[in-house]
Amino acid sequence: MRTFHQRFTLAAKIAILLAVSLSFYLFWNKMILGGLIVAFAVVMMIERVSHSSYSFVERNGEQWLLVNHGRFSKTKSVRVAEIVKLTPMKTSFGMSHYLLLLYGNNHIMSLQPADEQSFCKELKCRMEKVEKE
């Protein structure tokens, strides 16, 4: 089993900072319900960023990629044999980058592992192993 954690991007940091500021402003102006809702959203954002991971595992002789986006979301499983293509992509203005995974019958998923090169190398190694079998 090999696990990669999600990258904590500048966009995620800014979004969390803005949401914390909004929550503080709402509490300061005695808008408790709005402040609680935004504070809950901040907790969910931090949970998703800090606990997201991508794991390569072997189950019943098959290679799998497990994508986990935190404790409050369902883990997605992708068979390595179904992966068609992995493409590095950039967002608008080049502010961030991610990996676009194409698998199965035209399903797509975006991934942001902290160490992209090692992730790509591990995926390539697992795909070659599947092709040999």
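The values are calculated or read from the model by the stated rules, or taken from the named source; none is laboratory data. Quantities reported herein were computed from a predicted structural model and do not represent experimental measurements. All Cβ positions, even for glycine, are placed from backbone atoms using ideal geometry, and neighbour counts span all protein chains on display. These area figures cover heavy atoms from the full protein model, side chains too; ligands, DNA and RNA do not enter into them. Shrake-Rupley method; radii C 1.70, N 1.55, O 1.52, S 1.80 Å.
Each row is one residue, and each column tells you yes or no for (1) under 12 Å from the mean Cα position of the chain (by Cα); (2) assigned to a helix (DSSP H, G or I).
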residue	(1), (2)
5	yes, no
17	no, yes
38	no, yes
41	no, yes
66	yes, no
84	no, no
Is there a residue being open to solvent by less than 90 Å² (accessible area, probe 1.4 Å) and under 28 Å from residue 132 (Cβ atoms) anywhere in the range 32-42? no
Can you tell me which of 53, 77, 92 is in contact with a Phe, Trp or Tyr (Cβ under 7 Å, 6 or more places away or on another chain), among the polar types (S, T, N, Q), under 25 Å from residue 13 (Cβ atoms) and without any contact (Cβ under 8 Å) to a residue 60 or more places away in the chain? 53
Here is a list: 77, 92, 110, 96. Which entry is open to solvent by less than 90 Å² (accessible area, probe 1.4 Å), among the polar types (S, T, N, Q) and touching a helix residue (DSSP H, G or I) at 6+ places or on another chain (Cβ under 6 Å)? 96
Matching residues in the range 1-31 - criterion: being surrounded by fewer than 11 Cβ atoms within 10 Å (Cβ to Cβ) and either touching a Phe, Trp or Tyr at 6+ places or on another chain (Cβ under 8 Å) or of a type in the set (Asp, Glu) (or both): 1
